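The values are calculated or read from the model by the stated rules, or taken from the named source; none is laboratory data. These numbers were taken from a predicted model, which means no experiment stands behind them. Here the Cβ positions follow ideal geometry from the backbone for every residue, glycine too, while neighbour counts run over all protein chains shown.
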Amino acid sequence: KSVDELEARALFAKSQLDRAQTLLDRGLGTALERDRARSESRAADAAAARARALRGFMTLTAPADGQILQRDGEIGQVIPANQPIFYFARRAPLRIEAEVDEEDILLVQPGQRVLIRAPALPERVLDGQVAEITPKGNPVTRGYRVYIDFLGEIPLRIGMTAETNIVVEQRDHALLVPATAVREGQVWIVRDGRLHRQPVRTGFSSETRTEILSGLSDNDILVASPTTGLTEGRQARAAP
């Protein structure tokens, strides 16, 4: 039976209870008839409530307005608890979800500029801004989730990957070298056709670049990825 039918029966049973109570008050009915009508009204209310609950179990309600991206269920399929059926995107501007290591998260603040690179657009650098930082980190990865908003055009699509570089400090004329070139505070340089070990003082560092504060000049020829076995004074020349 449908919910509408059971709710109609519950309304009718309630009207019968009201009628039985009125007749009893006027001395035209009996308490037995009133009690029977009350019992039938309660039973009808319970049946309607059960039907509404079952209908609720069969109704999927999205938590917000959005667009369906994927459906993982079929009509007639029995769905176990906690199984995703639909994936949808909110009707809001796209944002990037990134993770920052706990060692660096204190340097990140809302409003900082973000440089975004995506494999789908290898020749472009997109501008973004740190919008939100989750207060609790992931105990497994030791990272904190950071949400980044795009500034201007959003040429990417949902689910695409991107590399994000958060600008925590900007310095003019900074000397950057490949991160692989620096080993234990030293680099290898080629001077007068020979290898020399050069101590350096480093600043900020990322996965790909390291800032050199002192020890190198713009004209030094650097070994970008030194291998084991390099020796001081060994002959070397710059690659063409």
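For the reader, a short list of remarks on this structure follows.
Yes/no matrix, rows are residues, columns are (1) closer than 30 Å to PRO63 by Cα; (2) of a type in the set (Ser, Thr, Tyr); (3) surrounded by fewer than 14 Cβ atoms within 10 Å (Cβ to Cβ):
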residue: ARG90; (1), (2), (3): yes, no, yes
residue: PRO110; (1), (2), (3): yes, no, yes
residue: LEU115; (1), (2), (3): no, no, yes
residue: GLN129; (1), (2), (3): yes, no, no
residue: GLU132; (1), (2), (3): yes, no, yes
residue: PRO139; (1), (2), (3): yes, no, yes
residue: VAL167; (1), (2), (3): no, no, yes
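- Inside the range 77-106, residues that are in contact with a strand residue (DSSP E or B) (Cβ under 8 Å, 6 or more places away or on another chain) and not β-branched (Val, Ile, Thr) make up a count of 14.
- Some residue of the range 176-188 being among the hydrophobic types (A, V, I, L, M, F, W, C) and either touching a Gly at 6+ places or on another chain (Cβ under 6 Å) or outside the structural domain of ALA224 (by TED's automatic domain parsing) (or both): no
- Residue match in the range 211-231 (condition: farther than 23 Å from ALA98 by Cα, of a type in the set (Val, Ile, Thr) and at pLDDT below 90): yes
- Some residue of the range 192-209 being within 29 Å of GLU123 (Cα to Cα) and among the hydrophobic types (A, V, I, L, M, F, W, C): yes
- Residue ID - modelled with the highest pLDDT, chosen from residues in the range 66-76 that are out of contact with any strand residue (DSSP E or B) (no Cβ under 6 Å at 6 or more places or on another chain) and surrounded by 10 or more Cβ atoms within 10 Å (Cβ to Cβ): ASP72
- Qualifying positions in the range 117-148 - among the hydrophobic types (A, V, I, L, M, F, W, C) and either modelled with pLDDT under 95 or at positive phi (or both): ALA118, ALA120, LEU121, VAL125, LEU126, VAL140
- Among the candidates GLN77, GLN109, GLN67, GLN83, the residue that is touching an Asp or Glu at 6+ places or on another chain (Cβ under 9 Å) and outside the structural domain of ARG9 (by TED's automatic domain parsing) is uniquely GLN83.
- Cβ pairs under 8 Å, 6+ apart, first in the range 86-97 and in contact (Cβ under 8 Å) with a residue 12 or more places away in the chain, second surrounded by fewer than 13 Cβ atoms within 10 Å (Cβ to Cβ) and small (Gly, Ala, Ser): PHE86/ALA62; PHE88/ALA62; ARG90/ALA64; ARG91/ALA64
- The range 217-239, residues that are assigned to a strand (DSSP E or B) and either surrounded by 10 or more Cβ atoms within 10 Å (Cβ to Cβ) or within 44 Å of the chain's Cα centre (by Cα) (or both): ILE221, LEU222
- Scanning the range 192-216 for residues that are within 25 Å of ASN165 (Cα to Cα) and surrounded by fewer than 12 Cβ atoms within 10 Å (Cβ to Cβ) turns up ARG201, GLU207, THR208, SER214.
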